[in-house]
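Read through the structure below, which is laid out as structure tokens, and then see the notes.
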Amino acid sequence: MAQAAKAAATKVIALLTAPAGVNGNLAALAQAAGVTLPVITTGQIAAQNIASDLAERSADVKYPALNIYCEKLSNVLREKFRTFSGTASMAIEVRLSQDRLDGLESNLQLYLDAVTQVLDTNRGDWGSGMFYAGGYEAVIHPVKRGGRNFIQVAKVTFDVGVSS
């Protein structure tokens, strides 16, 4: 069952890092907003569920950062003779840190829009027994101390149908 979570996280990372992924969308959004935002490199994308303060203590974290992980697996046996047939509840956390509050939330919203555009354009069959219907929920958390002085996190959650 854990293979379903890992496979879904790997597929989400592949979609985000594709040429038409988050950086392609981010460039268009930043240009339309008249701002310059740093791109997200593959080193800033992690398949882990770790709190930002712990990540800063244990590793050299570069912002903006994306954390992709599976929050919950539900094996509801839709297909009776499959080992796993249900949903993987996935999460993408967008973390942004700046030394000043000015523009932090508006920049975070641009990164969040870039992530949700990737999800919007990748509805349907993801292959390997995975299917994304298209719904998601986004939550923007309040600014906290951390990172370069201030950090803010936005979290997108969505369900992926998995059959293996």
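If you line up the long axis of helix 22-33 against the longest principal axis of the chain, both from Cα atoms, how many degrees apart are they, to the nearest 10?
Long axis of 22-33 versus the principal axis of the chain: about 40 degrees.
For an R0 of 30 angstrom, estimate the FRET efficiency from the Cβ-Cβ distance between F81 and A133 and round to the nearest 0.05. It would help to have the intermediate numbers written out before the result.
Details: r = 23 Å, r/R0 = 0.77.
With R0 = 30 Å, the Cβ-Cβ based efficiency is 0.85.
Could you list S163, S97 in order of exposure, starting from the residue whose Cβ has the fewest other Cβ atoms within 10 Å? Please report the intermediate quantities before stating the final value.
Details: S163 15, S97 23.
The order, fewest Cβ neighbours first, is S163, S97.
Percent relative contact order of segment 2-163, based on C-alpha pairs within less than 8 angstrom and at least six residues apart?
Computed over segment 2-163, the figure is 25 percent.
Given 0.36 nm per residue, what is the gain on full extension from A47 to D102 after removing their alpha carbon distance, in nm?
Numbers: separation 55, 0.36 × 55 = 19.80 nm, distance 2.94 nm.
Residue separation times 0.36 nm, minus the Cα-Cα distance, leaves 16.9 nm.
May I ask you to evaluate 6.51 cos²θ - 1.76 cosθ + 1.60, the Karplus curve with θ = phi - 60°, for each residue of segment 104-121 and list the ³J(HN,Hα) values in order in whole Hz, giving x for glycine and proline?
Result, rounded to whole Hz: 4, 5, 5, 5, 4, 5, 5, 5, 4, 4, 5, 5, 5, 5, 4, 5, 4, 7.
Restricting to DSSP H runs of at least four residues, report the calculated mean residue ellipticity at 222 nm for the chain, -39500 (n - 2.57) per run over all residues, nearest 500 deg cm²/dmol.
Details: 4 runs with 53 residues, N = 164.
About -10500 deg cm²/dmol.
Name all residues of segment 120-135 having a backbone nitrogen under 16 Å from the label point set 7 Å from the Cα of A28 along its Cα→Cβ direction, giving them as ranges.
Once the point is set 7 Å along Cα→Cβ of A28, 120-123 turn out to lie under 16 Å by backbone N, inside segment 120-135.
Computed from these coordinates, which is P(r) over Cα pairs in 10 Å bins from 0, in percent: (i) 10, 39, 42, 10, 0; (ii) 10, 39, 33, 14, 4, 0; (iii) 10, 40, 37, 12, 0?
The value computed from this structure is option (ii).
Tell me which trypsin sites (Lys or Arg not before Pro) from segment 16-74 have a DSSP coil assignment and no more than 14 other beta carbons within 10 Å of their own. Show your work: numbers first, answer last.
Values: sites: R57, K62, K72; in loops: K62.
When the trypsin sites (Lys or Arg not before Pro) of segment 16-74 are filtered for loop state and at most 14 Cβ neighbours within 10 Å, K62 remain.
So if R0 is 25 Å, what FRET efficiency would R148 and A18 give, r being the distance between their Cβ atoms, rounded to the nearest 0.05? Can you show the working numbers first?
Numbers: r = 28 Å, r/R0 = 1.14.
About 0.30, to the nearest 0.05.
Here, each number is a calculation from the coordinates, and none is a lab measurement. Computed from a prediction, not measured in an experiment: that's the story for all the values here. Cβ sites come from the backbone with ideal geometry, for glycine too, and all protein chains shown count toward neighbours.
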